[in-house]
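The values are calculated or read from the model by the stated rules, or taken from the named source; none is laboratory data. Please read these numbers as outputs of a predicted model, since none were measured by experiment. Positions of Cβ are generated from backbone atoms using ideal geometry, with glycine treated the same way; all protein chains shown enter the neighbour counts. Side chains are part of the model used for accessible areas, which takes the heavy atoms of the whole protein and leaves out ligands, DNA and RNA. Shrake-Rupley method; radii C 1.70, N 1.55, O 1.52, S 1.80 Å.
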Amino acid sequence: MGGKGGKAKALRLLARAMGIACVAIGLLHVVGGNAAIPGAQDAGATVDSLGRFLGAAFAGYGLTWLWVARQTPVPATAVRVLIGVFLLGGLARVLSIAVAGWPHGFQVALMVVELTLSPVYFWLADADEEAARSALPART
């Protein structure tokens, strides 16, 4: 996936993958409630309600990724905003560790994904716009 075209293809692929994953995870939380949260199966009605609500929001976040991935070119500003929200989620997990201690290991793994994937998306954010600009005929 070298060059501008390769980066643009990678961006589209990763944006679609992010969208599909977030929709699936969000719907899992809507349907599964506490059972979808490792370590929180017995957390009670308040956490169940919160988890289902946030699951719906996460599914909507995923649908937004899918919408962005379908744009031509993929808008860099939208990618930066969406991945900024993703990164904020990872940083919120770091804050939670500092305040409340270490969560279930699965949550730690998700934090690692959030913190390591974010820079990749930021790096690719303008790839499709750049590829579209370079495909335009040169001005004379």
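Observations on the structure shown:
- Look at the range 88-112: where a residue is outside any loop (DSSP other than H, G, I, E, B) and a partner is open to solvent by 50 Å² or more (accessible area, probe 1.4 Å), sitting 6+ places away or on another chain with Cβ atoms under 6 Å, you get G90/L115; M111/R93.
- The condition (being farther than 19 Å from G62 by Cα and under 17 Å from the mean Cα position of the chain (by Cα)) is satisfied by just one residue among A98, A131, A135, A109: A109.
- Residue in the range 48-56 that is among the aliphatic types (A, V, I, L, M), more than 16 Å from L124 (Cα to Cα) and in contact (Cβ under 8 Å) with a residue 24 or more places away in the chain present: yes
- Unique residue being at pLDDT 95 or above, on the phi > 0 side of the Ramachandran plot, of a type outside the set (D, E, K, R) and open to solvent by less than 30 Å² (accessible area, probe 1.4 Å) when the list is G101, G84, G55, G62: G101
- Where Y121 falls short, out of the listed (1) touching a residue at least 60 places away in the same chain (Cβ under 8 Å); (2) on the phi > 0 side of the Ramachandran plot; (3) crowded, with 17+ Cβ neighbours inside 10 Å: (2)
- Scanning the range 18-40 for residues that are over 11 Å from L63 (Cα atoms) and part of a helix (DSSP H, G or I) gives I25, L27, L28, H29, V30, V31, G32, G33, N34, A35, A36.
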